[in-house]
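Trainee: Please read through the structure below; I'll follow up with questions.
The values are calculated or read from the model by the stated rules, or taken from the named source; none is laboratory data. The structure displayed is predicted, hence computed values, not measured ones. Don't worry about glycine lacking a Cβ; one is built from the backbone with ideal geometry, like all the others, and counts go over all protein chains shown.
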Amino acid sequence: MRAALEAAPSPAKKAKALIGAICANDQEMAARLVRDVEPNMRFDSPLRLSPLLGLQVYCRKNGYRYEVVLPPQHVEIAPTTPYSRPFSYETEPAVMAVIPGAQFVPGWDVLLGTDGTILQDSGYQPVKHGYTAFGAIFVGDLQAIIHHVPADEVVIDDDVLFLSAPVNNFGHWLIDFLPRLMGLRSAAGRPLKVALPAGLPARYGETLARFGVSDADVILCQPGKLYRFKSVNLYRPGQSMPPNPQHVRFVRDGLMAGRALTPRRGKRVYLSRASVGTRAIANAADFNAFLDREGFTTADLADLSLKEQEQLLGDADVLLGTFGSNLLGLYFAAPGCTVIAMMHDVTEDPTIAPSCAMLGMKQQYLVCEKAPTPGLQKHRKDTDVIVDCALLASRLPPR
């Protein structure tokens, strides 16, 4: 068998050979083949071929709780300024599920059932869109994934709420992960711990404290281990783009805890994406001169604690930035604040304008010319832009 596997010449045949090696539990051969099939898989733990199954199908098959707790909602949003646009959409349903014996690999945003089945829609996005980020190989014909599995299994006899987290994107933490805390309300009076990957920046814990989750309530899951819990409670909010108004209110209320905010006239903040490096300003010299001339403070939210973000943005009159999750700093801003998104195609942003409307803010799009070269690209829609500084200055509210 080994000779046949090693002789497999094409990538497709090597992929089949890899599956054969895993099924034969020949981890030595699997480790050799996986480097040919997917060179980016750099870990040395055992390889597993795990089936994929939808959350609802898995729960119904096993008699576990699966309940739609927020039905789809039709949302109509009018433009908040002449430079915004209307929105009309249906939100996705929010689901509560309880899975006894579920497993969690820190760094993954999906759960594994007690039998190792990967619940492909239990996370922020379906596995088929994000499996490469897990260091995994999608096997479409089998509806399965080849992946490394930590050899060190930790069994925890607690009922937990599955939270997970994006390590380097605080904006997505706000809109895609914090709404899962609504599952604490659905726990039928049972005390739940919150399962969270270890090693996150301090501001993640600071936000949890705003929602009444203390350090004692959190189980920090260490990388390189496989965790199995008494039961995992999952609140799946559905996609946040475009946003669900109930989730927007939940996150805003939790973060701000009833604080009364008022914009301070003339306080202007430019939210940089320097730490990300994408969607940069191509005419940087002109743009930086504009920022100085118009009295903007420049900040990258990746560098700021939760308290610093709140202090900087809580009384801002204008928030400016190229479109993206950096602009979700608006969750700390006051009603009446003007939020300006610089971008070349307004249809690529389904999140900022609706969120502004829901929070009583005034949103503008400043349509920009694409730069001659796109710059750093991590996603299809990443491109540097050229800003018309004179047009932008004409859009600013008076100081």
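Trainee: For Pro191, work out the one condition from (1) closer than 30 Å to Leu271 by Cα; (2) part of a loop (DSSP other than H, G, I, E, B) it doesn't fulfil.
Mentor: Condition (1) is where Pro191 drops out.
Trainee: Six or more apart or on different chains, Cβ under 6 Å: which pairs go from a residue in segment 135-156 that's under 18 Å from Thr114 (Cα atoms) to one that's at pLDDT 85 or above and not in a strand (DSSP E or B)? Could you list them?
Mentor: Matching pairs, first to second residue: Pro150/Gly224.
Yes/no matrix, rows are residues, columns are (1) charged (D, E, K, R); (2) over 20 Å from Met241 (Cα atoms); (3) in a loop (DSSP other than H, G, I, E, B):
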position: Glu308; (1), (2), (3): yes, yes, no
position: Gln311; (1), (2), (3): no, yes, no
position: Gly321; (1), (2), (3): no, no, no
position: Leu328; (1), (2), (3): no, no, no
position: Ala334; (1), (2), (3): no, yes, yes
position: Ala341; (1), (2), (3): no, no, no
position: Ser355; (1), (2), (3): no, no, no
position: Gln364; (1), (2), (3): no, no, no
position: Pro372; (1), (2), (3): no, yes, yes
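Trainee: Kindly list the number of the only condition in (1) more than 29 Å from Gly205 (Cβ to Cβ); (2) without any contact (Cβ under 8 Å) to a residue 60 or more places away in the chain; (3) crowded, with 23+ Cβ neighbours inside 10 Å that fails for Ala316.
Mentor: So the condition that Ala316 fails would be (1).
Trainee: What is the residue count in segment 185-199 for residues that are of a type in the set (A, V, I, L, M, F, W, C) and modelled with pLDDT under 90? Let's see the steps before the verdict.
Mentor: Within segment 185-199, the first condition is being of a type in the set (A, V, I, L, M, F, W, C), and the residues that meet it are 187-188, 192, 194-196, 198.
With modelled with pLDDT under 90 added as a condition, the list becomes 187-188.
The total comes to 2.
Trainee: Looking at segment 7-30, which of the residues that are buried (at least 17 other Cβ atoms within 10 Å of the Cβ) and closer than 12 Å to His148 by Cβ is modelled with the highest pLDDT?
Mentor: Among them, the one singled out is Ile22.
Trainee: Anything in segment 254-291 that is of a type in the set (A, V, I, L, M, F, W, C), within 30 Å of Gly212 (Cβ to Cβ) and either outside any loop (DSSP other than H, G, I, E, B) or out of contact with any Lys or Arg (no Cβ under 8 Å at 6 or more places or on another chain) (or both)? List them, or say none.
Mentor: Leu255, Met256, Ala260, Leu261, Val269, Leu271
Trainee: A further question follows. Examine segment 354-369 for a residue that is without any contact (Cβ under 8 Å) to a residue 12 or more places away in the chain, loosely packed, with under 14 Cβ neighbours inside 10 Å and either closer than 25 Å to Asp292 by Cα or outside the structural domain of Thr322 (by TED's automatic domain parsing) (or both), and state whether such a residue exists. It would help to see each step written out before you state the result.
Mentor: So in segment 354-369, the residues without any contact (Cβ under 8 Å) to a residue 12 or more places away in the chain come out as none.
No: segment 354-369 contains no residue that is without any contact (Cβ under 8 Å) to a residue 12 or more places away in the chain, loosely packed, with under 14 Cβ neighbours inside 10 Å and either closer than 25 Å to Asp292 by Cα or outside the structural domain of Thr322 (by TED's automatic domain parsing) (or both).
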